[in-house]
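Peer 1: Take a look at this one; I'll ask things after.
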Amino acid sequence: MASNIKLKVKLKGEVAEVKSLMLHPMETGARKDPDSEDIVPAHHITQLTFTHNGKPVMVVNCSTAVAKDPFFSFSFKGASPGDKLTVSWVDNKGESDSIEKVLG
Amino acid sequence: MHAGRRLFIKGGIAFVALMSLPKALLAGAWPQKAFQSTVAREALSDLFGTDQTTPSGEITLGAPVIAEDGAVVPVSVKTSLQGVESISIVVEKNPRPLTISFVFPPETLPDVACRIKMAETSNVMAVVKTNDGIFSATKEVKVTIGGCGG
């Protein structure tokens, strides 16, 4: 199944600038469904991990107050063309997604 | 066995052991209690063991003065402080103030951006934990349409 994560990396010397956008409803658990009037249960990413050649370079712990379809950006040093970058997330329902990219 | 080869094998085994350390060691488990806290000070205590932060002019907190849509508020945090271990964002007036926490090793630059939800106009605090202490910068963000969907 195709991933619902977009991962963009720009190499500037040995610094990798990472931008990632992923599809996820990030339901707070406080919203009422407009038709049924029932509360829509919380459904949100809890933890995301970015790894560089297998080593974690960023872990993001999220609450329900991270916006829908989360976007993150950050940079790390020590990157070279050919290196592997992965991002993976898990949510409160135990669902997960991940994607891998080769830098360069 | 040749000394060099022995050293190489030892190094190789150490490397493999290091690579198989669980990812969770960097950040630990998802800090559930801190995220469920309804009071900003408690959330900070849950996360850091203290609610005391030192305001720092070395933290640049980027957030709009007025957020048109509280459901998607872009926030960035950058700092020239050294030895940064994590950057977290606390929205004082959100039902659950602790919004997000970035945890990272030394080779990652302390410069992050994300998009958050804000229920109403509120102070937004960036909390930067370094090996020297816990520092913060605060900015008020006005919200015209609240973003928590209630």
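Read-outs: derived from the displayed coordinates by stated rules, not from any lab. Since the model is a prediction, treat every value here as computed from it, not as a measurement. Neighbour counts are summed over all protein chains in view; Cβ atoms, including those assigned to glycine, are modelled from backbone coordinates with ideal geometry.
Peer 1: Local charge sum around B:GLU140 (other residues, Cβ-Cβ under 15 Å, Lys/Arg +1, Asp/Glu -1)?
Peer 2: Working: positive: B:LYS93, B:LYS139, B:LYS142; negative: B:GLU92, B:GLU120.
Result for the neighbourhood of B:GLU140: +1.
Peer 1: Straight-line reach from A:LYS84: which lysines fall under 26 Å, measuring Cα to Cα and dropping same-chain residues less than 8 apart?
Peer 2: Counting by Cα, and skipping residues close in sequence, A:LYS84 has these lysines nearby: A:LYS6, A:LYS8, A:LYS10, A:LYS12, A:LYS19, A:LYS55, A:LYS101, B:LYS10, B:LYS23, B:LYS78.
Peer 1: Would you kindly calculate the translational diffusion coefficient of region B:31-145, applying Stokes-Einstein with the Kirkwood radius from alpha carbon pairs, for 20 °C and a viscosity of 1.002 mPa s, and quote it in µm² s⁻¹ without decimals?
Peer 2: On the way: Rh = 14.0 Å.
After rounding, the answer is 153 µm²/s.
Peer 1: In what sequence, highest mean first, do B:31-44, B:115-128, A:80-93 appear when ranked by Cβ atoms within 10 angstrom? Each step should come with its number before you reach the end.
Peer 2: Numbers: B:31-44: 18.1, B:115-128: 22.1, A:80-93: 15.9.
Averaged packing, sorted descending, gives the order B:115-128, B:31-44, A:80-93.
Peer 1: Given N residues in the protein assembly as shown, what is Rg(Cα) / (2.2 N^0.38 Å)? Don't jump to the answer; show the numbers that get you there.
Peer 2: Working: Rg = 19.4 Å, N = 254, 2.2 N^0.38 = 18.0 Å.
Here the Cα radius of gyration is 1.07 times the empirical estimate.
Peer 1: So how far apart, in nm, are the two label points at B:GLU68 and B:ILE145 if each is 7 Å from Cα heading toward Cβ?
Peer 2: For B:GLU68 paired with B:ILE145, the spin-label model returns 1.0 nm.
Peer 1: Under a 5 Å amide H to amide H cut-off, with H placed in plane at 1.01 Å, what residues pair with A:ASP69 once short-range neighbours are removed?
Peer 2: A:HIS24, A:MET26
Peer 1: Using just the Cα positions, wrap chain A in a convex hull and report its mean projected area in square nanometres, one decimal place. Please report the intermediate quantities before stating the final value.
Peer 2: Values: hull surface 28.6 nm².
Mean orientational projected area (chain A, Cα hull): 7.1 nm².
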